[in-house]
1. Cα extents of region 157-206 along the three principal axes, largest first, in whole Å?
2. Using the Cβ atoms and a cut-off under 11 Å, what net charge is assigned to the surroundings of A206, where Lys and Arg are +1 and Asp and Glu are -1?
3. Counting only protein heavy atoms and a 1.4 Å probe, tell me what percentage of the chain's accessible area is made up of carbon and sulfur.
4. Restricting everything to alpha-carbon atoms, can you work out Rg to Rh for region 1-153 with a Kirkwood hydrodynamic radius?
5. For the chain, give the magnitude of the charge dipole about the Cα centre (Cβ charges: +1 Lys/Arg, -1 Asp/Glu; no others), in debye to the nearest 20.
6. Tell me which of F172, G154, L229 sits at the most positive position along the dipole axis of the chain, charges placed on C-beta atoms (Lys, Arg +1; Asp, Glu -1).
7. What distance in nm separates the simple spin-label points at N286 and T12, each placed 7 Å from Cα in the Cβ direction?
8. Could you calculate, for region 204-247, the ratio of the Cα radius of gyration to the Kirkwood radius, expressed as Rg to Rh?
Amino acid sequence: MAKYTLDTLPVTHHQYKVIALDLDDTLLRTDKSISDYTIKTLQKAQSQGFSIAIATGRHPKSAVLYMQKLGCLNDNSYAVCFNGAGVVRLSEYVKAGVDIGFPMVVSNVAPAPIIKKLTQFAHDNGCVVHAYSKTRGLLVENHNPHTQREIDNGKVGFKEVDFMQADDSEEFFKMLIVGDKEVLDKMRPNLPSYLTDFFAVVRSEANYLEFIPHHSTKGTALVQLCEALGCTVENAMAFGDADNDLAMIKAAGLGVAMENGFESVKEAADVVTKTNDEDGVAYLVNKFLD
């Protein structure tokens, strides 16, 4: 159970300096829109000294697109990407003008040999994979509906490949096993140690089981993002809904779960705000504005 309710949450102005936002089912409504109320609230927060940061499983291009929609993209905008495998200063990404080989503040990658082992494990369990390669971008095995969703969300193109043929020198930001919910439910508690010893494993949604190198999480990346901004993670409030947001919510000075979020996330949060379709992010942020 969350530490506070919306009514009992203590509000101290100027206590927090960073607002870290998951995208899907958190900042974004179910139809992927952002309300005018939320846009105006986050712009007001930025004008009062808050740093607005996106924390996503996606490529930094998505972070840029939504920061532009918010009207909050500036030279001091950062994003946690690939569920914690990378931290990117968005102005540097925009200036580079490329979707592969862009500059990063933090970069955690997995080598191809362990990616091949992960691929074989997925195939042995009747699943497929897709991944973000450091040098080739979004790679997929086939066009199943779940992988197509990643293609549509990423907007960075893709290549259809055989992961077992990847060069051993290739590096990957993250990899996803894609399959039926029931299959992934059974798979997760039975993952081999050669995977769990190297990867942080998170469930971003029912059909995705994500593997992040070097036990990186949105939580470890939020710490690094705050360091880049010259503050500590205790100065951050973080919003999320799913398993991949859990470490970030635990790490932040104020961890905020969405009412529509996973029960495990709501139990770990400091407070639960309204749903994403009720502008839960803006509702809580407004409490801390002058």
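The values are calculated or read from the model by the stated rules, or taken from the named source; none is laboratory data. Just so it is clear, the model here is predicted, and its values are computed rather than measured. Positions of Cβ are backbone-derived with ideal geometry, glycine not excepted, and every protein chain shown enters the neighbour counts. Keep in mind that these areas ignore ligands, DNA and RNA; they rest on the heavy atoms of the full protein, side chains included. Shrake-Rupley method; radii C 1.70, N 1.55, O 1.52, S 1.80 Å.
1. Result for region 157-206: principal-axis Cα extents of 30, 26, 17 Å.
2. Numbers: positive: K181, R203; negative: D180, E182, D185, E205, D243.
Combined, the nearby Lys, Arg, Asp and Glu give -3.
3. The value for the chain is 49 percent carbon and sulfur by accessible area.
4. Here Rg/Rh amounts to 1.03.
5. The dipole magnitude comes to about 580 debye.
6. Comparing the listed Cα positions along the dipole, L229 ranks first.
7. 2.5
8. A ratio of 1.03.
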